[in-house]
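A.B. asks: Handing you this structure, nothing more for now.
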Amino acid sequence: MSLKIEKKNAETLALAGRLDTLTAPELETEISAILPSVQTLILDMEKLDYISSAGLRVILKTQKALEKKSGLTLTHVSDEVKEVFDITGFSDFLTIE
């Protein structure tokens, strides 16, 4: 499986597929490239099927990097991915719309 990252605009990345050990570095590289130039980042997860602990690490790192800015927002999160955020406690500090 793979991860597809589509840049919708300067502050929105749409994710599709699986965010796991093999694909998390790809997302981390993409986010690192745009972090200096954005105040807020939106990750559209409408087509994200799966997230592993490696994906969670990238989300956490991104959240921490944007704490002093406007922050990170996750949109269109599927029930399956939302359940992972709930079980791990990520729902307590992430902005999920």
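A.B. asks: Considering only residues that are outside any loop (DSSP other than H, G, I, E, B) and polar (S, T, N, Q), look in segment 52-97 and name the one that is most open to solvent (accessible area, probe 1.4 Å). It would help to see each step written out before you state the result.
C.D. replies: If we filter segment 52-97 for residues that are outside any loop (DSSP other than H, G, I, E, B), which is where we start, we get 53-65, 71-75, 79-88, 90-92, 95-96.
From the residues that got through so far, the ones that are polar (S, T, N, Q) too are 53, 62-63, 73, 75, 88, 91, 95.
Working: Ser53: 93, Thr62: 5, Gln63: 30, Thr73: 24, Thr75: 19, Thr88: 66, Ser91: 33, Thr95: 66 Å².
Only one residue tops the list, namely Ser53.
A.B. asks: Look through segment 83-97, keep the residues that are of a type outside the set (A, V, I, L, M, F, W, C) and more than 12 Å from the chain's Cα centre (by Cα), and return whichever of them is nearest to Glu46 (Cα to Cα). If you could, list the steps in order and put the result at the bottom.
C.D. replies: Let us first name the residues in segment 83-97 that are of a type outside the set (A, V, I, L, M, F, W, C), namely 83, 86, 88-89, 91-92, 95, 97.
Keeping just the survivors that are more than 12 Å from the chain's Cα centre (by Cα) gives 83, 86, 88-89, 91-92, 97.
On the way: Glu83: 14, Asp86: 17, Thr88: 20, Gly89: 20, Ser91: 17, Asp92: 20, Glu97: 11 Å.
For segment 83-97, the residue satisfying everything is Glu97.
A.B. asks: Those residues that are aliphatic (A, V, I, L, M) and out of contact with any helix residue (DSSP H, G or I) (no Cβ under 7 Å at 6 or more places or on another chain), I need them from segment 78-95; list them, please.
C.D. replies: Here is the first cut: in segment 78-95, the residues aliphatic (A, V, I, L, M) are 81, 84, 87, 94.
Across segment 78-95, the qualifying residues are Val81, Val84, Ile87.
A.B. asks: Okay, next question. Do you know which of the residues in segment 25-51 that are among the acidic types (Asp, Glu) and open to solvent by less than 50 Å² (accessible area, probe 1.4 Å) is farthest from Leu94 (Cα to Cα)?
C.D. replies: Taking segment 25-51 and keeping what is among the acidic types (Asp, Glu), we get 26, 28, 30, 44, 46, 49.
From what is left, the residues that are open to solvent by less than 50 Å² (accessible area, probe 1.4 Å) are 28, 44.
Values: Glu28: 17, Asp44: 14 Å.
Per the criteria, the residue is Glu28.
A.B. asks: Looking at (1) in a strand (DSSP E or B); (2) in contact with a Leu (Cβ under 9 Å, 6 or more places away or on another chain), can you tell me which one Leu22 breaks?
C.D. replies: (1) is the only condition that Leu22 fails.
The values are calculated or read from the model by the stated rules, or taken from the named source; none is laboratory data. Note that the coordinates shown come from a computational prediction; the quantities given were computed from them, not determined experimentally. Virtual Cβ from ideal backbone geometry, glycine too; neighbours counted across all protein chains shown. The area values use the complete protein model at the heavy-atom level, side chains included, leaving out ligands, DNA and RNA. Shrake-Rupley method; radii C 1.70, N 1.55, O 1.52, S 1.80 Å.
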